[in-house]
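The values are calculated or read from the model by the stated rules, or taken from the named source; none is laboratory data. Predicted, not measured: the structure shown is a model, and the values here were computed from it. In this analysis, Cβ positions are derived from the backbone assuming ideal geometry, glycine residues included, and neighbour counts consider all displayed protein chains. Remember, those area values only see protein heavy atoms, side chains included, never the ligands or the DNA or RNA. Shrake-Rupley method; radii C 1.70, N 1.55, O 1.52, S 1.80 Å.
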Amino acid sequence: MLAYLPRPPTDTSRYGTFPQKPDLPAAPGALVEDGGQKAAAAKRGAPMPNYPSAPRHSGFVPGEPSLPPSRGSLTTQHPRGRPSWCPPPAPQEAGARLYPLHALSVANIPNSSRGKTSARSSTIPTPEGLQSRRCKLLEEDSPTVQAGKRQRQRYVTKVGKCQVNLGNIQDKKRFLSDIFTTIVDLKYRWFLFVFMMCYIVTWVVFGSIYFLDAWVRGDVGHQGDPEWQACIENVDGFVSALLLSVESQRTIGYGTRMVTANCAEGVILLMAQSIVGSMIDAMMVGCMFVKISRPKKRAQTLIFSKNCVISLRDEKLCLMFRVGDLRESHMVDAKIRAKLIKSRQTAEGEFIPLEQSELNLGYDTGEDRLFLVEPQIICHVINRHSPFWDMSAESLRREQFEIIVILEGIVEATGNRVLAAGMTCQARTSYTEDEILWGYRFEPCMSLEKGAFQVDYSRFEMTFEVQTPAASAKELHELKELEQQEHSTLSLYWDHLLQPC
């Protein structure tokens, strides 16, 4: 949840680039000697190594200490098990231990308090247990482990899968109240297992009842007796009774085993099995039909652009992305909407994790209803009602949010009014702040060839850079209003000069 909070400006100047010794109290002679050495080094002007700063990762979490900038070059010269700046596990003297400034600094603390804390830490020797835990954290934060740990956790993946796991559900009886939807939502392996077990269990249960009835009446022991009036003929064991159950429920009727009119319970049992079999057929065949014909796979042919772009359109700053349909059978009544997922803290101090806010894609003007025959560029105008009103190109790098795009429509092949409720297709994708390109525009992918429009999907993802101001939409609006005021003032002054005395 904290990953969606705004990131503070990257400042690596307060972190050390290499290990340094803590300032321990020393003898006056040693201080004088040390001062002389520093003065001599200053006179010689020996250059200090200047390592480049660490690159900014997209999964930066506020409050987590950054990596030392020179770690990438140090790990190539030392084993991967322990960083070079960590002290060896063997006990050493208190004055010989090395502490990196990265380990001594504390994130998200004002500079004044940070300086006092560093001063106290440098004068008091760090305990061995705390030092070992600190080195363990530094080992886990190595560049090799960093690449696997710093992956951004999405709310919705690029293919539209929601990364939300529901747990600790106490009242699970609610799933049994809607058994049809529960069976349809099962995975195919469990769905086929339930499908087969429904028939097998009923066959075995009614076969056992047939065998028990034949055994109680004596039909099993009088096989081949022409004078015996059997209730169930040609049933001499459980296997033959099971075959009678399968033949009766599936209406096969081979003619060798059957229920006669010599007993009423046999007729009632046959009627009950026919009714139960019809109910199972209706339910299982209906579930199978809905499972196969669900338009969930139809979303695989609805594609979205990999990146969003921000540029000017009609002198307004707009956030744009592209959608397309790969099939010739198009979506009916396609609608698109977008949600902004971002954590925030209220004025009262309440933390709202993953707050959802609506992005206007033209629902007030009807532009959110698409005729999705060719790829469409969806535009969100950044105005005073937009959550990106104060966002500039510089502040975009510090923000952490996620845009969820939802495209809904009815499959054209089954888009009649009877099946419209069950054939609604939904495709989803998401965009993080690292997938937004400031100052770019999508290349056109349509051309007119041989009297028809040709769509080139190889250019679907292509963008090109355009001249776009790096200021926010609010700053551009204020600048435009200021220019209009200056122009009106200059016009009034000029008109006043042209008036005759």
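Results, tabulated for the structure shown:
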| quantity | calculated |
| --- | --- |
| Residue match in the stretch 231-247 (condition: among the small types (Gly, Ala, Ser), closer than 16 Å to Val267 by Cα, assigned by the TED database to the domain that holds Leu269 and modelled with pLDDT of 90 or more) | yes |
| Cβ pairs under 9 Å, 6+ apart, first in the stretch 202-230 and of a type in the set (Asp, Glu), second part of a helix (DSSP H, G or I) and buried (at least 19 other Cβ atoms within 10 Å of the Cβ) | Asp213/Ala241; Asp213/Gly266; Asp213/Leu269; Asp219/Asp213 |
| Conditions (1) within 30 Å of Ser329 (Cα to Cα); (2) within 25 Å of the chain's Cα centre (by Cα); (3) assigned to a loop (DSSP other than H, G, I, E, B); number of the one not met by Cys379 | (3) |
| Residue within the stretch 421-428 that is part of a loop (DSSP other than H, G, I, E, B), of a type in the set (A, V, I, L, M, F, W, C) and closer than 30 Å to Lys291 by Cβ present | yes |
| Strands (runs of 3 or more DSSP E) lying entirely in the stretch 255-355 (those with 1 or more residues that are open to solvent by 60 Å² or more (accessible area, probe 1.4 Å)) | 308-313, 316-325, 331-345 |
| Contacts under 8 angstrom Cβ, first residue in the stretch 298-323 being more than 18 Å from Val381 (Cα to Cα), partner of a type in the set (S, T, N, Q), 6 or more apart | Ala299/Gln426; Phe304/Thr429 |
| Cross-chain or 6+ apart pairs with Cβ under 8 Å, the stretch 472-498 first and open to solvent by 100 Å² or more (accessible area, probe 1.4 Å), then of a type in the set (D, E, K, R) and modelled with pLDDT under 90 | none |
